[in-house]
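Heads up: the structure comes next, in structure tokens.
The values are calculated or read from the model by the stated rules, or taken from the named source; none is laboratory data. Bear in mind that the values here come from a model prediction, so they are computed numbers and not experimental data. So basically every Cβ, Gly included, is an ideal-geometry build from the backbone, and we count neighbours across all protein chains shown. Only protein heavy atoms, including side chains, enter the accessible area calculation; ligands, DNA and RNA are left aside. Shrake-Rupley method; radii C 1.70, N 1.55, O 1.52, S 1.80 Å.
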Amino acid sequence: MQLTIKKAHSINGNIAVPGDKSISHRAMMVGSLAEGETYVAGFLPAADCLSTMHCLESLGVKIDRLSETELKIHGVGLRGLKEPSDVLDTGNSGTTTRIMPGILSGQDLFAVITGDESIRRRPMARVVEPLRLMGAKILGRENGKYAPLAIKGTRLKGIKYDLPVASAQVKTSLLLAGLLAEGETAVTEPAKSRDHTERMLKLFGANLEIAGTTYKIKGGQELKAQEVDVPGDISSAAFFIVAALIIGGSSLTIENVGVNETRTGLLDALKAMGADVELLGYEEKSNEPRAAVKVSYSPLKLATIEGKIVPRIIDEIPIFAVAATQAEGKTTIKGARELRVKESDRIASLSAELKKMGADIEELGDGMIINGPTRLKGARVKSHGDHRIAMSLAIAALVADGETIIEDSGCVAISYPSFEKTLISVVKFQ
Ligand code: S3P
């Protein structure tokens, strides 16, 4: 599959983006472990979330699709998962692959988890090692560094653990394992990663202590089914936010975007660069804040991204890099080595593809330096099988002279199947 995109004249109007991917995963996982029926609205029906859904169904959870975006989950309780009769396929979803071992290690079952070629390259030791400290029995390639992972459920005990790298997936895996463990589990991370699990667990009635970046949970707490309203995904909105900022004459409102502050690093970075971005109608539902994001074309100047903002912008760095190609001056991104182990090596894939379009980018071990503004030109580029690289290149194409062809664009369906349709509905082409 390939996407052909021409230079845009402007982008105007009102759109909504699909549900938040991280929250959709968590609503299904926590809902499955709860007692009673959980209703989810605003669910993201994209490949990654469907991977989680299929894994949970294979573990004996009944999930009714009331509509494309509405689910009814028949919770089985903390220890009610059943042994699956086959390997659990997590597809391209790192979140599913890393959180499921935490859920499965304390159940009375045997399960094998694996995913696509990208998943089988991604580091798993970060979750396998602390789970083993809790008593988990997990085997995997290279002693648990890589999937497939084989898990034999057992009795877990609470531990105190300092994460070497901030990670919401690892934090979540350990907290959910902690719910199934004896005693207390305390997890500390070096910087705050997204806190959707903490919010979701509290919504479902769990008692979770949070002090700075330390999270403590006691085992054996019963979760009570809830109604969960999932806000739109700021990581999907990000592509349209940047498009409206860099295409002259644009003004766009994106409704109902999740604006949890562990996710809004992109908005802060862009505002510091001179972006005209406003939040309207802020409200909180299901323990998650949301607002409309109004954004208008703005001349941008350089920024430096490093330190605590990195986990708050991590998934948006590819599209942020596109904005930086249009900003005046030298933008530096540092301390983001994690980008090298995402769906693709995002530092390498982004630098290579944006260079083909004429961008001035220097790769660093843990980030990149981007000199702007540059006049981009249409080119034949590749997604590297990475949904966020594909969509970032599509937005770059809107400001590039001529035509851009994005090869292997089917991966967009991992997080945003309706991306192209929405794009076409709001972009006026030249
Ligand atoms: C996610 C956490 C982040 C993020 C990923 C989704 C999650 O990774 O990059 O796309 O849903 O928990 P980390 O585990 O590295 O924080």
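Count of region 66-78 residues, restricted to those that are acidic (Asp, Glu) and either out of contact with any strand residue (DSSP E or B) (no Cβ under 8 Å at 6 or more places or on another chain) or touching a residue at least 40 places away in the same chain (Cβ under 8 Å) (or both), is 1.
Among the conditions (1) of a type in the set (Val, Ile, Thr); (2) over 20 Å from Arg122 (Cβ atoms); (3) touching a residue at least 40 places away in the same chain (Cβ under 8 Å), the only one that Ile389 does not satisfy is (2). Here Val310 meets each of (1) in contact with a strand residue (DSSP E or B) (Cβ under 8 Å, 6 or more places away or on another chain); (2) within 20 Å of Ser236 (Cα to Cα) with one exception, condition (1). Any idea which residue in region 1-25 is surrounded by the fewest Cβ atoms within 10 Å (Cβ to Cβ), counting only those that are of a type in the set (Lys, Arg) and farther than 19 Å from Ser67 by Cα? So, considering only residues that are of a type in the set (Lys, Arg) and farther than 19 Å from Ser67 by Cα, the one surrounded by the fewest Cβ atoms within 10 Å (Cβ to Cβ) is Lys6.
Counting only residues that are more than 16 Å from the ligand (Cβ to nearest atom), open to solvent by less than 10 Å² (accessible area, probe 1.4 Å) and closer than 22 Å to Thr97 by Cα, region 33-68 holds 4 of them. The residue pairs whose first member lies in region 45-65 and is outside the structural domain of Thr114 (by TED's automatic domain parsing), whose second member is at pLDDT below 95, and whose beta carbons are closer than 6 Å, counting only pairs six or more residues apart or on different chains, do not exist in this structure.
Selection of region 293-313 for residues being surrounded by fewer than 22 Cβ atoms within 10 Å (Cβ to Cβ) and under 28 Å from Glu343 (Cα atoms) yields Leu302, Thr304, Glu306, Gly307, Lys308, Ile309. Of the candidates Ile347, Ile361, Ile369, the single residue that is over 20 Å from Ile406 (Cβ atoms), hydrophobic (A, V, I, L, M, F, W, C) and not assigned by TED's automatic domain parsing to the domain that holds Arg122 is Ile369. Leu50 meets all of the listed conditions (1) closer than 18 Å to Asp89 by Cα; (2) in contact with a helix residue (DSSP H, G or I) (Cβ under 6 Å, 6 or more places away or on another chain); (3) of a type outside the set (Ser, Thr, Tyr) but one, namely (2). When Thr262 is tested against (1) farther than 18 Å from Lys21 by Cα; (2) surrounded by fewer than 24 Cβ atoms within 10 Å (Cβ to Cβ); (3) hydroxyl-bearing (Ser, Thr, Tyr), only condition (1) is not met. Restricting region 138-157 to residues that are in contact (Cβ under 8 Å) with a residue 40 or more places away in the chain and more than 24 Å from Glu182 (Cα to Cα) leaves a set whose member that is surrounded by the fewest Cβ atoms within 10 Å (Cβ to Cβ) is Pro148.
Among the conditions (1) surrounded by 24 or more Cβ atoms within 10 Å (Cβ to Cβ); (2) among the basic types (Lys, Arg); (3) not in a strand (DSSP E or B), Arg290 misses just one, which is (3). Looking across region 93-113, just one residue is within 16 Å of the ligand (Cβ to nearest atom) and open to solvent by 10 Å² or more (accessible area, probe 1.4 Å), and that is Thr95.
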